[in-house]
Structures are given as structure tokens and as C-alpha cells.
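The values are calculated or read from the model by the stated rules, or taken from the named source; none is laboratory data. What you see is a predicted model, and the numbers here were worked out from it, not measured in a lab. Glycine gets a Cβ as well: all are built from the backbone with ideal geometry, and neighbour counts include every protein chain shown.
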Amino acid sequence: MKDKFNLTREQNVFIAKRNIVDYIWKSANLEGIGVTYPETQVIYDGGIVNGLTVNNIIAINNLKYAWQFILENEEIEYDFKTLCYIHKLVADKLVIEQELGKIRTVPVNIGGTKWKPQFPIESQIKEELQDLLNQTTKSKTEIAIEIMLYIMRKQMFIDGNKRVAMLFANKIMIDNGCGIITIAQEDQAVFYEKLMKYYESGNMLDLKEWIYEHCIDGIKLNK
């Protein structure tokens, strides 16, 4: 898998900021947070939306702060500490404080499958994450997708794993000028179908290739 886009970080940040509400809206809907694009825009701009739950409004604002964090902090390491901090931003006020930025200590069920993730082990996550990052024969885009899918299947946090995974992967994408990973509304059913198969089999190849073909946003620059 070659990088689809070859941007500077500044160009990639500009694209992300220009489309930030769209990315937040799609990410929220991917996790079942039922907001419309106009509602997302109003919340992002600090306005009031009647008829939404408090948790939905908090979730959108949390995504806003998490996106600001990855866009405004180039020097951040791609490590376990950053993963945990992104979870703090994403899950703030949505899970109990003791669970923020901490790997879960209780079992979780995954809707749509009987498969159950194992309990996460911090030392194992750190080692596996580093192994994925250190791959030298793959593009940054492929590495980012693999890390995103790894985090999703690991289910290391009590809630918000897909949001954390996409943000962490997009930090890698943006820093390396590779575009943005984003899943369109019309593609989400296919994504979930493939995600369930990946959860159950542990084989990410089909889902990885589908994301590469359908879920990377960016612009081609004339040279």
C-alpha cells in the first residue's frame, strides 16, 4: 500500500481544519451518537441544540477537543501515554473518572458478535504498538490503518475505543501528510460487517484494504 497523498503537515492540518465538523459528525455516528451534521456544526461553534441528550453534546465537544489536541501538538509521541490521553479527552464526563485514560479491568461485550476481547495488558500493548510503528517496509498510511484496527480490536478502554483508534491513526496520517481516515455515512454498514469479521478472525487484511480504497480523504496537489 502506497501513500495516497503526499502533503506537508501544514497542508494536511489545513485540510483537517477545513473539514473538521464533517469528520467529527462521521466519527460520532460511527459510535452510535445520533446527531445530524447541522447539529454537530452548532455544537462545534458553541451553540445550543434543543432535543439532544447531554451526553451527545458532551461527546461532540470531546471529539472537538481531541481533534484540536492532535492538530495542535506535532511533537507528541505515538505511544501508550498518548493513547491514554486521547481517551481522557474523548471519554471525559462520559465514563466514571477512575476509568479515564486507564485500561479496562472489567469484561466487555461487543454488539453483533459472540467474540469477547481478552483483558488488556499494558506491557503487551506497549510492545505490540511499538512493533507496528517500527515496520520499515510499509507506508505510513498502511501502518496507521493497522494501528487503528489493532486498537479497535484490543478494546483496551471501557468505552470510546473506535474514536480513540481513529484519532490516534489520524495523528500519524496528518503528521506524515497522508490525508485523513474517515468513514462516510453510506459506508458504515459495510465497515461494521467487515469489522465484525475482523474481530472474530483476527485477520485484518480485508478490512484494511477496504479502508485504504474507500476511507482516506485528501487532495492531490499539482506540481
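As a summary of the residue check, Ile33 satisfies the conditions (1) in contact (Cβ under 8 Å) with a residue 12 or more places away in the chain; (2) assigned to a helix (DSSP H, G or I); (3) farther than 28 Å from Glu128 by Cα; (4) not hydroxyl-bearing (Ser, Thr, Tyr) except for the one numbered (2).
Kindly establish whether Lys81 is of a type in the set (Lys, Arg), surrounded by 13 or more Cβ atoms within 10 Å (Cβ to Cβ), part of a helix (DSSP H, G or I) and free of Cβ contacts under 8 Å to residues at least 40 places away in the same chain. No; evaluated as a whole, the condition is false for this residue.
One residue alone among Lys154, Lys171, Lys116, Lys140 is basic (Lys, Arg), over 18 Å from Asp217 (Cα atoms) and in contact (Cβ under 8 Å) with a residue 12 or more places away in the chain, and that residue is Lys154. Gln98 meets each of the listed conditions (1) touching a Leu at 6+ places or on another chain (Cβ under 9 Å); (2) at pLDDT below 95; (3) part of a helix (DSSP H, G or I); (4) not hydrophobic (A, V, I, L, M, F, W, C) apart from (1).
Screening Ser201, Ser123, Ser139 for residues that are closer than 26 Å to Ala16 by Cα and over 15 Å from the mean Cα position of the chain (by Cα) leaves exactly one candidate, Ser139. Among what's in the range 38-67 and is of a type in the set (Gly, Ala, Ser) and under 21 Å from Lys88 (Cβ atoms), pick the residue that is nearest to the chain's Cα centre (by Cα). Filtering the range 38-67 for residues that are of a type in the set (Gly, Ala, Ser) and under 21 Å from Lys88 (Cβ atoms), the one nearest to the chain's Cα centre (by Cα) comes out as Ala66.
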